[in-house]
Each structure stands twice: as C-alpha cells, then as structure tokens.
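Remarks on the structure that follows.
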Amino acid sequence: MNLDQLRQEIIDYSKNIGIDKIGFASADVFEGLKERLKRQQELGYQSGFEKGSIEERTEPERLVPEAKSIISVALAYPSRIKDGVKGTKEERRGIFCRASWGTDYHDVLQDKLGKLAAFINEKVPEATTKVMVDTGELSDRAVAERAGIGFSGKNTSIITPEFGSYVYLGELMTNLPFVPDKPLEDGCGSCTKCLDACPTGALVQGGQLNAQRCLAFLTQTKDFMPDEFRPKIGNFIYGFDTCQVVCPYNKHVDFHNHPEFEPDPEVAKPKLKPMLRISNRAFKDTFGHIAGSWRGKKPLQRNALIALAHYKDETAVDEMITVMKNDPRPVIRGTAAWSLGKIGTEDAFAAIKEAVDKETDEQVLAEMDKGLAFQEEFSTT
C-alpha cells in the first residue's frame, strides 16, 4: 500500500464530494491543549457543554487505541444573506449567528466525513476510521490547527487564509500513518480587534475564552440570563459572532459553496413576536433543521423576550403580558416580566403589579420586582 498515493487520492476525492479544505495531522497527544484545558478548569471558564475528560479530549489513543493520523476537514459557510429581510417597528426581528444558518452543519459534515471514511475503507478494508464533528471528545479546532487548516486566532476561532474563520470543522481518526501537514504560523500579530469588540470581556486574552461570559454560550443556556448580559445580546436569539465579524481576515469573505448552508432569511432572521407563541410542532418544522435548535425553543423564546425589550417594542406588550401570566415555565414568565418593565408602558407596569399577586415562584417574583424597578427610572427621566 502506497500511503503517499492514497493520501493524494483522499485529497482528490474530498474535492469531488465538496470538502473545501483538508489536512492531515498526527494522533500524538495534544500537550499544549491539555495544559490550557486544565487552566480553563481551574479558572472556572468552561461552558459545561464539553464532552469527555481532559484526557479523552487531548489523547486520541484513548478514543481509537490504534490511531496514527487524524484527517481534518473544513467547509466554508456564508457570512451574508442573499435577499435579506429587514425588521420594522411593527415586526421586529431577531437573528441567529452565521454558524446556525442553513442546514445543521453537524449533519452535512457527518455525511461528507462518512463518505470519506467509506472511500478509505474501500481502498484499505482493514483501515480503522472514526468520524467526529463538534460533539466528539476531540477539539475540532486543535486538530485543524495541527493539520494546517488554519491558525488559532485570538478570538479562539480557526482562521483559514482562504475562508477566514467562517468554516465548519470535523475530523476522521484512522490507524493509517499518513505524513502530516505543517501547522500555519500565527497570523494575528498585534491585532486586538476581537478582544476590543467583545462586549463582556469573555476573551480574557488572545486565544483564551471564559465561556461563562461568552454571549454565544449564554444564549444557549436554559435558566435565567444573568442581568448584566441581557442588554448586551441585542437581537441575537442564538449565538453571537461579533468577534468574527470584526476580524480583518473576514473582511469581504462570503462563500456560498454549499446549497445546504444557504440561509432562509425568514429562519435566520425570524420575527420575534411569533416566537413567543410558537408551538412545539411549528418550532420543529421551522427551526428543526438548523444547528440553533439543538437546545429546544425555551432559550430562543427567552432571548426573543430580551430582544423585544432591547427594541422597547410597545407593539409586543399585550403578547408579553399573556406570556407572563400564562406560560407554565418560570424562566419565560420571569423574563417576560423583566422585559415588560424594560419596555415601560403604563399597561406593562399595571400588568406586572397584577401578576405579582398570583405568582408563587420566588425567582419569577424577583424578576417582577426587577421589572417594576424600571418604573422609577421612567419617572425620573
């Protein structure tokens, strides 16, 4: 078996099935990443979404004992919506981050990597292969960095020379000892645009993220959003990608290589008021195919309420009052109360006062108190 020839055949085949970039890495332990993860853990910077132990995330042989190589792939995604829609004062819109436009990238990458694995097994039946996309133990970014797909930017994204950081990543582990590619040199230099633009200071320093302060992470949580972050998410209802938008490598970058990733404007920038009353079936039918639906409708509805407060959308007050009074979920009732207070109409404050007498949940009552506290601000302005 000529591994160099097979390597080139894999590269050629990857292009045939629509993989934008491919690289090869060794399956050695990710020693530098291990130390960073330990430090993240010590500082309490983890999100809680991480899979596996630090050892499993940095020692490939724990996942595939015979692993010798990891093949990293990247798919470019769009940064702009063709024929985009705009909100109006009567119909305000939220927005999903770019990484959640179009069909869920997990499914698309799994399909392409599955084809790549089948191709390898056709050529070498005894080859071992294991595919992972985001939800696996390995760090897609660490693998991509080692495989020369791109360098790790200060915004913690992999930045490719061709596609900026607007790429989805996945990998395939194998027992075949391919010659690895060389990592790229760091390209951030003295630039700090992403650090300067982060509204919460989540980018503690170049390449280190405090997930507990990252708005992209916070929009995916299911509990009450901490007070200090509510004004900062704006109209984002899932994810947050300002740290990518400001990156010089992403200036004028907009690739539409994959029809699956083309965003439906009505899905990528949905009207906010209908989000408040959407049924489970309608939510699945409308949003079930995108990555941003993975946590269900509750976080998105909470964020939609905050976005309506951001806009001070008085046209939403009646619907928000209904939510505050009738929704069975405390997080949604409480966030509705806070948002009503933020909007600050007489009807909103009156409704909160009325609802207080019937509410029994302590957290919701606390949110109602916060909502009513805004009345003092309005009375002094």
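FYI, it's all coordinate maths here, none of it is from the lab. Remember, predicted model here, so these are calculated numbers, not experimental data. Please note: Cβ atoms are built from the backbone with ideal geometry, for glycine as well, and neighbour counts cover all protein chains shown.
Among all helices in the chain defined by DSSP H, which have a length of 24 Å or more along the axis from Cα atoms plus a Kyte-Doolittle mean of at least -1.0?
Helix filter hits for the chain: 105-123, 362-379.
Magnitude of the Cβ-charge dipole of the range 312-381, K/R +1 and D/E -1, about the Cα centre, nearest 20 debye?
Rounded to the nearest 20 debye, it is 140 debye.
Which of the peptides 210-219, 11-20 is most tightly packed, and how do the rest follow, judged by the mean count of other Cβ atoms within 10 Å per residue?
Highest-to-lowest ranking by the protection proxy: 210-219, 11-20.
Toward the positive end of the charge dipole of the chain, about the Cα centre and with charges on Cβ (Lys, Arg +1; Asp, Glu -1), which of A76, G164, F255 goes farthest?
F255
Sorted by mean Cβ packing within 10 Å, highest first, what order do the peptides 134-147, 226-239 take?
Most protected by this proxy first, the peptides run 134-147, 226-239.
Exceeding 25 Å between C-alpha atoms, which entries from my cross-link table qualify? They are K21/K123; K34/K222; K34/K182; K21/K182.
Distance filter (> 25 Å) returns K34/K222.
Using a 7 Å offset from Cα along Cα-Cβ at T322, what residues in the range 277-304 end up with backbone N under 14 Å from the label point?
Answer for the range 277-304: 277-279.
Determine which residues of the range 239-269 fall in the zone a paramagnetic label at K86 would reach in this model, i.e. backbone nitrogen under 19 Å from the point 7 Å along Cα→Cβ.
Inside the label zone: 265-269.
Could you check the simple spin-label distance between D196 and T315, using points 7 Å along Cα→Cβ, in nm with one decimal?
Here the answer is 3.7 nm between the modelled labels.
Given the C-alpha centroids of the range 58-77 and the range 313-345, what is the distance between them in whole angstrom?
Each part reduced to its Cα centre gives a spacing of 46 Å.
Filter K271/K297; K89/K273; K297/K353; K86/K273; K312/K370 down to the pairs with a C-alpha to C-alpha distance above 18 Å, please.
K297/K353
7 Å from Cα along Cα→Cβ at both E55 and Q205: what's the point-to-point distance in nm?
With each label placed 7 Å out from Cα toward Cβ, I get 2.9 nm.
Compare the peptides 283-289, 24-30 by average per-residue count of other Cβ atoms within 10 angstrom and give them in order, highest first.
Ranking the peptides 283-289, 24-30 by packing returns 24-30, 283-289.
Put a dot 7 Å past each Cα toward the Cβ at A366 and R329; how far apart are the dots in nm?
Spacing of the two 7 Å Cα→Cβ label points: 1.9 nm.
Setting aside same-chain residues fewer than 8 positions from K38, which aspartates and glutamates have a Cα under 12 Å from its Cα?
Within the straight-line cut-off, K38 pairs with E55.
When a/c is below 1.5 the answer is rounded, else prolate if a/b is larger than b/c, else oblate, so apply that to the range 21-105 with a ≥ b ≥ c taken from the square roots of the Cα gyration tensor eigenvalues.
oblate
List the Cys residues of the chain that have no partner Cys with a C-beta closer than 4.7 Å.
C97, C188, C191, C198, C214, C247
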